[in-house]
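Chemist: Below is the structure I would like to discuss, written out as C-alpha cells.
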C-alpha cells in the first residue's frame, strides 16, 4: 500500500530543529564556562582578601608585641631612674624599639636619665681641669654627646684646648731642649675631637720644622769651621732662627767667625811683615797657617808666589854676582899690571 501524505509528514524531521539544538548546546557551554570563571575569580578574590586580612592581623599582633615590650622597658628604665641608676637607665632606653606613640615618653626619660649623668661627667672634667689635668678633663667632657649640657661641654673643651696650646707655646719659647720636648708633648695631647686639633697639628709641624732647620744650620756651621770656610760658617749661622733656645748658639758661631777672621788677618799681617824684612822662610811658614778657603787661600797663594819669586831671584843672584865680581877683579888686576 502506498504511503499517504499524512504519514509522510509525521515521519519527516521538523525543519531547523537540529540547528536549534546545536545552538542551545553552545549557549549552555558558554554559560557554564562563564559561571565557572566567575566562581574562580570570586574564589581568588576571597583568598586574596583573606590573605591580606591575615597579614594585617599579623602586623597588628607584632605591633602589639613591640608596644608591650616597649612599655616593659620603659617601666624598667623608670625604676632605674628612681633608684638613681642613670647609666643603667640610658642603656635600657637604648633597647626600647622606636615607636611613634611612645616617642614623647622615651624622649622625656632620656633627658631625665642623661642630665644627671652628664652633670657628673662635666663636674669631674672641671675638677680635673682645676688640677691641671687638661687632657683628662677634655676626655671626660667628651663623653657628653647629647642633651642640653653638650653645648656647655663643647665650650669647656675649646677653652681647655686653648689653655693647652698656650702652655705648649710657652714651653716652646723656652731656652732648653727639654722645654721644646715638653711643648711637643703638650701639643700632641690635644684630642682629635677638639675644635683646636687642626691648630695644634699646624703648630707641631711649624715647631718641628724650625727646630730641624736650626739643627741642620748648626751642623753646617760646624762643618764650615772645620774646613776653614768662615764665610760659609757665617751664612749658616745667620740662617739659624732667633728662637731663644738657639740664639746663644747662633751668636756663638758669629762671634767665633769674627774672632777667627781677625786671627787670620793677623797671620796675614805677620807674614807680610816678615816678608818685608826678607825673612822669607819664616813668612812662608806663618802664611801657611791660613786655611784653603777663600779669601784666605787667595792671600796665602799670593804671598807664597812672591816668596817663591824672591827665592828664585836670590838663587840667580848667588850665581851671577860672584861671576861679575870675578870679572871686575880680573879687569882691575889687568890694569894694575
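Chemist: Given labels modelled 7 Å from the Cα in the Cβ direction, how far is it in nm from residue 166 to residue 185?
Modeler: Placing both labels 7 Å along Cα→Cβ, they lie 2.1 nm apart.
Chemist: Sorted by mean Cβ packing within 10 Å, highest first, what order do the peptides 285-291, 136-142 take?
Modeler: In decreasing order of mean packing, 285-291, 136-142 become 136-142, 285-291.
Chemist: So if I restrict to the alpha-carbon atoms in region 252-308, what is the Rg, and what is Dmax, the biggest pairwise distance, in Å?
Modeler: Considering region 252-308 through its Cα atoms, Rg and Dmax are 11.7, 39 Å.
Chemist: Which order, highest average first, do 295-304, 227-236 follow once you tally other Cβ atoms within 10 Å for each residue and take the mean per peptide?
Modeler: Those peptides, ordered most packed to least, come out 227-236, 295-304.
Bear in mind that the values in this text are calculations on the coordinates, not laboratory data. Bear in mind that the values here come from a model prediction, so they are computed numbers and not experimental data. Counting neighbours? That spans all protein chains shown, and the Cβs are built from the backbone with ideal geometry, glycine included.
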